[in-house]
1. Between rounded, prolate and oblate, where does the stretch 80-196 land on the alpha carbon gyration tensor, with a ≥ b ≥ c its root eigenvalues, rounded for a/c under 1.5, else prolate if a/b exceeds b/c?
2. Using 0.36 nm per residue of separation minus the Cα-Cα distance, give me the extension gain between LEU177 and GLN455 in nm, one decimal.
3. Amide H to amide H, which residues 5 or more places from LEU154 or on other chains are under 5 Å from it, using H placed in the peptide plane?
4. Output the Kirkwood hydrodynamic radius of the stretch 1-135, Cα pairs only, in Å rounded to one decimal.
5. Can you spot the aspartates and glutamates whose alpha carbon is less than 20 Å from LYS236's alpha carbon? Ignore those fewer than 8 places along the same chain.
6. Counting pairs of Cα atoms in the stretch 516-623, how many percent are more than 24 Å apart?
7. Whose amide H sits under 5 Å from the amide H of HIS323, counting only residues 5 or more places off or on another chain, with H placed in the peptide plane?
8. Might you report the magnitude of the Cβ-based charge dipole of the chain about its Cα centre, with Lys and Arg at +1 and Asp and Glu at -1, to the nearest 20 debye?
Amino acid sequence: MCGINGIYGLNDRPQSELIVRSMNKALAHRGPDDEGVFSDESIALGHRRLSIIDLSAAGHQPLFSADNRYSIVYNGELYNYRELRFELQRIAVGSGQTAYPFATGTDTEVILASYLRWGKDCVRHFNGMFAFAIWDKTKKELFVARDRLGIKPLYYYMKGKTFLFSSEIRALLNTGLVPKKADHGSLVDYLRYQTVQAPRTIIKGVGMLMPGHSVIVNNEGVHVEQYWNANTYALKPSPDKSYTDICKDVYNLLLKSVERRLIADVPFGAFLSGGIDSSIIVGLMSQVASGKVKTFSITFDESEFSEARYARQIAEKYQTEHHELKLKVPDFLLQVPEALKAMDHPSGDGINTYVVAKATRKAGITMALSGLGGDELFAGYDIFKRSLMLERRKWMLETPLLIRSGAGLALRSFKPGAASDKISELLRLKSWKLSGSYPVSRRMMKDSEILNLLQRRELPLNSAFEYTEAIPPLPRGKVLSGVSLAETGTYMSNTLLRDADQMSMAVALEVRVPFLDHTLVEYVLALSDNLKYPHSPKKLLVDAMGELLPSEIVNRPKMGFTFPWKHWLRNELREFCSEKMEALAGRSAFSKDGVLKLWKAFLADDPRVTWSKIWYLVVLESWLAENEIDV
């Protein structure tokens, strides 16, 4: 797990190397163990290393092929690198060729050897999370790739024939070549979804390589190619198997995924909240780990926010080496400014991740497994239930729009609030296709509210609509797979995974996500609705795990990692938030009256203005100010 940088096409070797060194400096937090820079006629590559596999100096990057023709910088972990290494040697021997002369025990060298064998198709052989760049000095060609689910980030900027890339936006901004200007279309995206959907970012001209994509850069230009598409698997028919056999498949795929992710040469553990997903991961780890599993839970004195008793139950069941990291509210509040400073890209949902990651790293752990992805894959969120309900009540669309609109207005009057607003808008839609209902369900603010905040009269096309509109019509009974595609491609990829990466790497902690093994994802996407949600969320996952989960964990109320933000924003954080809201109101792209009116409405306890609508604006202003971005 590391940070990578590069610049192609500047044709000024000393200047290119200087720029990459400045980028490396901006990523020092991602790789405190080592640093490397390589430059050639038209390329400079940089690397910051967090040592996880092969801690020796042999893991130094950039790494070069045996003949020095190729060089690589790489961020991530390849979980099947040992099998691939054996396979590469077997193929060479079988074809009468000389086997690749491996000089290290790293997965980095396996990626490089795979590229020499299979070229750009090497990515199809990989199981892991990765973003890497390989330079071919003979062809003067750069190959860059990102993993299938987008677990590891890769940002880029192009100007003329110059191509910059990095693991973080701040490194691109540190070059002096990227104008520090916000993209106004992406700004609207952020206000809609508290993040910006890839391939765009909050910075004008800075893009993000999409998950499952690779790119070739050479004198002829930039050629982007998609090598994996989740839609393909949702279109497949559900397996012709019994429910019992499908449960066995899910169990075995997840167990194998966990086992793959235990490869490390450093102390590791697991986040344990006591919820279904993290409890499953810990239970499976206990079955395949060679020693006691180390588990980490954040606990609070305030019982309404603490999940400690559930986590203890799992820790006792599996005899883990359990660590309760007690966090007092004043301590948490003191970490808010440093957490905001750690953000590489603004997000309204990243503070909690930072707090957990920092506490775990402080306990001496370098790598931790997370239950992220379980809800998105196995229909754990309310949005899955709501989508099924809409599908089953499509007959309501035959009711005249005037009557449906009236019912929505009545609901908003009787019970004002964000939930009623969304239901009212859903009732006004002409169709309940995923591309219409999903953007409404996941949005933070209505477009009318956003227009009140900005100095503009029109808004660009909704990014979530664009994404879901591209999802092909799925076979009957695949509503949930459609929602999973929308969730993994938007909310999970651009909020949860981005937060997990930027906040964990801010404290040099690697996070691995077993639920996002692509073999498991491909299998579950093909399954029909009646298998995944016959009557309750995540039933398939729970049934597949059998006695792994105590009934108390299965039936407990879903809490999530929450705090009394509503209270804090009006009290302990009021002065801080007021300062940020006033600063945001003063920016030329925003309406001063609109921003301050929203703040005052929140302070007056207007039920339509939730704390989250304020907080993600505070986060935005903090990030813009910290990075000196012009809006």
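Just so it is clear, none of the values below were taken in a lab; they were calculated from the coordinates. If you're wondering where the values come from, they're calculated on a predicted model, not measured in any experiment. Neighbour counts are summed over all protein chains in view; Cβ atoms, including those assigned to glycine, are modelled from backbone coordinates with ideal geometry.
1. Working: a/c = 3.26, a/b = 2.10, b/c = 1.55.
The shape class here is prolate.
2. Result: 97.2 nm gained on full extension.
3. For LEU154, whose amide H was placed from the backbone, the distant partners under 5 Å are LEU209.
4. Working: mean 1/r = 0.0655 Å⁻¹.
In the stretch 1-135 this quantity evaluates to 15.3 Å.
5. ASP245, ASP249, GLU376, GLU469, GLU487, ASP517, GLU522, ASP529
6. Numbers: 2989 of 5778 pairs.
Considering the stretch 516-623, 52 percent of its Cα-Cα pairs are separated by more than 24 Å.
7. Here the answer is THR295, PHE296, SER297, since their amide H atoms fall under 5 Å of that of HIS323.
8. Working: 80 positive and 73 negative charges, 287 e Å.
Magnitude of the dipole: close to 1380 debye.
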